[in-house]
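Computed from the coordinates by the stated procedures, all read-outs in this text should not be read as laboratory data. Bear in mind that the values here come from a model prediction, so they are computed numbers and not experimental data. Note: ideal-geometry Cβ built from the backbone for every residue, glycine included; neighbour counts use all protein chains shown.
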Amino acid sequence: MNRVRLIIFNAAIGPLDYKVPDGMTVEHGSIVVAPLGPRQIIGIVWEEDRLPEESVPDSRLRNIIEVLPVPPLKGELRRLMEWTADYYCARLISVARMVVSSGGALRGPITMTEYRLTGTEPERMTPQRAVALDALQNEQATIRELAELASVSDGVLRGLVNHGALEPVEVDIDRPYPRTNADHDQPKLSDDQKKVADRFVDAVKAREFAPFLLDGVTGSGKTEVYFEPVAAALRDNRQVLVLLPEIALTEAFLRRFEDRFGAAPVVWHSGQKATERRRAWRAIASGKAQVVVGARSALFLPYANLGLIVVDEAHEISFKQDDGVRYNARDVAVMRARFEKFPIILASATPALESLQMAESGIYERVELPSRFGGATLPSIATINLTENPPERGRWIAPELVEALKDRLEKGEQSLLFLNRRGYAPLTLCRNCGFRFQCNNCSAWLVEHRFSRRLACHHCGHEEEPPETCPECGEPDCLVACGPGVERIADEVAEILPDARIAVATSDTLNTPEKAADFVAQAEVKAIDVIVGTQLVTKGFHFPELTLVGVIDADLGLEGGDLRAAERTYQQVAQVAGRAGRGSKPGEVFIQTRHPTEPVIAALEAGDRDAFYTAETEARRSAGAPPFGRWAAIIVSSEDEAEAKEAARAIGGTRPNIQDVMILGPAPAPMALLRGRYRYRLLINARRSAQVQDIIRNWLDGLDFPRGVRVSVDVDPYSFV
Ligand code: ADP
Ligand code: ZN
């Protein structure tokens with residue numbers, strides 16, 4: 001190739017053509033540096049015919065400056081990137097940013113100097129030198145690290161270098177990851193488990209696209225089972241990606257992984273330091289990272305030879321990204337498996353309706369684990385009607401659940417109370433004048449956090465100290481907390497059970513992997529009697545001594561008017577119920593509700609998953625909702641309210657008139673103000689077969705907006721705020 005077309009890392013500029021100077025070789029997917037005006041930019045060499053652009057004559061082309069020392073992005077990955085941009089109405093370059101997500105990695109290997117013994121003795125031996133020589137047998141590290149190891153000063157070691165007893169070695173600063181061993185500690189699978197595992201292993205060996213829905217009840221051993229195809233891929237020298245919904249979960253997972261495979265996997269998530277990302281990215285791109293465990297952003301990395309993806313807790317909504325490229329990692333993962341021809345396993349005890357529908361129609365192969373491992377039984381579930389048997393005044397835990405908590409504490413068993421609300425109280429108001437504390441940047445109440453003595457907005461992160469007096473009427477000591485959050489439930493438990501050891505488990509309290517690991521360790525050694533937690537505790541955790549689960553307010557999720565409210569309530573409650581009775585003792589679950597006859601609550605009580613899914617499927621079908629119809633949203637926002645409204649009106653005014661495509665709005669979004677931006681929404685509802693993306697692109701392409709207006713498209717939206 002002597003001329004190339006690049007997509008470039010600047011969202012404002014489209015593809016550009018360059019000349020390849022003599023002696024330089026590039027291929028499609030190469031990541032290069034090119035001149036742009038007086039500056040240098042990074043670009044990716046792309047197929048010219050896939051990025052139609054007017055051709056620039058050869059004579060006007062500038063030379064590419066340099067090919068960066070990383071492997072070119074593979075064709076299959078480039079097709080996935082195009083598909084993602086196309087499907088989610090995003091820019092290709094925005095998708096490319098998720099692929100090339102470590103700037104540091106692009107610079108290629110960076111070396112540093114380590115030292116090791118040469119075997120030569122220094123001419124003059126001192127006691128300190130003798131100590132060092134003794135301590136540093138078979139060690140190789142920096143002077144600083146060696147000095148620490150040998151408990152001598154840096155100076156002693158420098159002396160040894162000068163005498164030829166220590167020699168320098170240039171090493172890559174990105175150390176290799178420890179190797180995993182597919183056969184390190186293989187469990188003995190039950191017959192049911194073995195059947196499923198064998199099916200997966202065959203699929204890995206076949207090296208063909210094969211999407212599976214692993215539908216197994218909580219505690220059935222889904223992890224143990226999908227570890228088998230992971231092992232099969234390892235034996236075949238292919239890479240594996242395991243996507244998890246939450247970093248808080250990874251710590252427990254990593255330990256399990258290490259027990260099974262003898263070494264930890266490579267971890268990837270957005271909270272990592274730049275140096276860790278660089279090391280992981282390079283290992284992934286070179287094929288040296290064998291198994292990667294990560295959050296959704298791990299999906300777009302340039303794996304050298306991926307052979308399997310597992311999406312664990314595949315129903316979780318955290319796989320959906322709600323800013324930038326608004327993609328659903330679960331769905332894109334299936335596409336990746338298809339482009340690169342390998343199996344993908346979506347594992348869940350409460351699959352998304354969309355996934356079940358794909359299995360129904362034969363597109364996914366459904367494999368089931370219908371019973372818990374080791375003879376553990378599923379917990380018994382009962383509802384507590386809060387209207388008939390309410391808690392005492394000012395309390396939130398009904399008498400029946402209080403009795404059950406006392407009983408567990410006496411028996412030395414653990415309990416878990418679930419309420420999907422962080423903080424102490426969701427609303428604070430003035431007793432005197434009724435003033436409510438609201439966020440200045442968002443249409444949201446400020447949530448009281450009593451541990452940290454803060455009023456906080458859960459949408460933009462704004463925090464303030466609770467004032468002594470009401471900001472409206474000036475009355476002192478007049479603020480009252482309305483409604484419960486987990487902290488308030490924890491206080492109540494402390495009053496009911498003064499001797500109980502209580503832990504609050506939320507993203508506030510378990511905000512680092514270390515804290516999460518500590519929490520799991522404490523719970524496992526029974527140093528915690530009662531866990532009070534948010535959705536964070538609904539998944540993944542396995543505490544054998546936990547025998548009681550109480551759902552404080554099952555109606556909470558149903559109030560939002562969200563399309564998937566019933567499904568999400570079902571999933572959350574079923575998942576949290578699934579934490580009970582995973583060991584030898586049976587579990588018991590109480591669901592507090594004001595609406596015990598709501599179909600979703602009734603189905604939970606009856607343990608009748610099929611009844612729920614059947615009813616919900618019918619409801620979706622008749623509403624033309626996913627998976628039978630499609631939704632897409634257009635969100636218009638600006639810091640200027642009038643400008644946002646005007647732009648939304650302009651979009652509404654040019655709506656296309658297409659049969660079977662319904663366009664609702666524009667209307668103020670439920671979160672009409674978010675992070676200081678005023679928001680309007682339009683909703684598009686169409687048949688499954690409609691080309692919604694094309695419709696939206698054609699519609700918006702002709703429109704121009706002021707600079708401050710942001711228009712974003714959300715295809716298959718999850719959040720309706
Ligand atoms: P799930 O993900 O389906 O909820 P897990 O994979 O967490 O289930 O398994 C539940 C528990 O049972 C875990 O502690 C796991 O180690 C154990 N377990 C499952 N299968 C086996 C097996 N074949 N041998 C030993 N322990 C198993
Ligand atoms: Zn806010």
Distance from segment 375-422 to segment 427-466 (C-alpha centre basis), Å: 29
- request: Set the Förster distance to 41 Å, then compute FRET efficiency between Asp323 and Asp22 from the Cβ-Cβ distance, nearest 0.05.
  value: 0.40
- request: Calculate, for Asp491 and Lys194, the FRET efficiency according to 1/(1 + (r/R0)^6) with r their C-beta to C-beta distance and R0 56 Å; round to the nearest 0.05.
  value: 0.70
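Expressed as a rounded percentage, what relative contact order does the chain have, with Cα pairs under 8 Å and six or more residues apart?
11
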Within segment 581-660: Cβ-based charge dipole about Cα centre, in debye rounded to nearest 20 (Lys, Arg +1; Asp, Glu -1): 280
- prompt: If we count other beta carbons within 10 Å of each Cβ, what is the order of Cys482, Cys470, fewest first?
  reply: Cys482, Cys470
query: Under the rule that a partner needs its Cβ under 4.7 Å from the first Cβ, which Cys of the chain have none?
result: Cys89, Cys460, Cys478, Cys482
query: Among Ser415, Gly533, Ala203, whose Cα lies farthest out toward the positive end of the dipole of the chain, if unit charges sit on the beta carbon of Lys, Arg (+1) and Asp, Glu (-1)?
result: Ala203
message: Compute, for the chain, the length of the dipole vector about the Cα centre, with Cβ point charges of +1 (Lys, Arg) and -1 (Asp, Glu) only. Units Debye, rounded to 20.
response: 1560
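Sort 66-74, 675-683 by packing, meaning the average of other beta carbons within 10 Å per residue, with the highest value first. Walk me through the numbers before you get to the answer.
Working: 66-74: 17.0, 675-683: 20.4.
So the order, starting with the most tightly packed, is 675-683, 66-74.
Restricting the count to DSSP beta bridges whose residues both fall in the chain, what percent are antiparallel, rounded to a multiple of 5?
55
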message: If neighbour count is taken as other Cβ atoms inside 10 Å, put Glu388, Glu228, Glu246, Glu148 in order from fewest to most.
response: Glu388, Glu148, Glu246, Glu228
- request: Please work out the C-alpha center-to-center distance from segment 37-112 to segment 115-179 and express it in whole Å.
  value: 43
statement: The exposure ranking of Ile13, Ile651, fewest beta-carbon neighbours within 10 Å first, is Ile13, Ile651
Gln438 long-range amide H proximity, modeled H, under 5 Å: Leu446
task: Find the Cα radius of gyration of segment 230-277, compare it with 2.2 N^0.38 Å by division, and give the number to two decimals.
output: 1.24
- prompt: Order of 275-286, 701-712, 100-111 by packing, highest average Cβ count within 10 Å first?
  reply: 275-286, 100-111, 701-712
task: May I ask which residue of Pro343, Asn385, Gly374 lies farthest towards the positive end of the charge dipole of segment 311-410, with charges of +1 (Lys, Arg) and -1 (Asp, Glu) on Cβ and the Cα centre as origin?
output: Pro343
Unit charges on C-beta of K, R, D, E only; dipole of segment 40-180, Debye: 220
message: Suppose the chain between Glu475 and Ala623 were pulled fully straight at 0.36 nm per residue; how much longer would it get relative to their current alpha carbon spacing?
response: 48.3 nm
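Tell me the Kirkwood hydrodynamic radius of segment 427-515 in angstroms, computed as one over the mean inverse distance between distinct C-alpha pairs.
In segment 427-515 this quantity evaluates to 14.5 Å.
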task: Would you mind computing, in nm to one decimal, how far apart the modelled labels at Ala135 and Ala382 are, each placed 7 Å from Cα along Cα→Cβ?
output: 6.4
query: With the dipole of the chain worked out from charges on the C-beta (+1 for Lys and Arg, -1 for Asp and Glu) around the Cα centre, which of Ala523, Ile591, Tyr87 lies farthest toward the positive end?
result: Tyr87
query: So how much slack lies between Gln186 and Ala12, counting 0.36 nm per residue of separation and subtracting their Cα-Cα distance, in nm?
result: 57.4 nm
statement: Under the 7 Å Cα-to-Cβ spin-label approximation, Asp236 and Glu360 lie apart by a distance in nanometres of 3.2
message: On a straight-distance basis, which aspartates and glutamates could pair with Lys273 in a cross-link, Cα separation under 19 angstrom, same-chain partners fewer than 8 positions away excluded?
response: Asp172, Asp174, Glu246, Glu251, Glu514
query: At q = 0.06, 0.10 Å⁻¹, what base-10 log of I(q)/I(0) does the Debye formula yield for the chain when every alpha carbon is treated as an equal point scatterer in vacuo?
result: -0.44, -1.16
task: Specify the inter-centroid distance of segment 276-319 and segment 580-653, based on alpha-carbon positions, in whole Å.
output: 29
field: Calculated FRET efficiency for the pair Arg594/Leu51, C-beta based, R₀ 56 Å, to 0.05
entry: 0.50
query: Packing-wise, with mean Cβ within 10 Å as the measure, how do 588-595, 77-84 rank, highest first?
result: 588-595, 77-84
field: Average silhouette area of segment 45-166, convex hull of alpha-carbon atoms, in square nanometres
entry: 13.4
statement: So Ala264 and Met125, fully extended at 0.36 nm per residue minus their Cα-Cα distance, gain in nm 45.9 nm
Reach of Lys320 by Cα under 21 Å, taken over lysines that are not fewer than 8 positions away in the same chain: Lys539
statement: Placing each pseudo-label 7 Å from Cα in the direction of the beta carbon, Asp704 and Asp86 end up separated by a distance in nanometres of 3.0
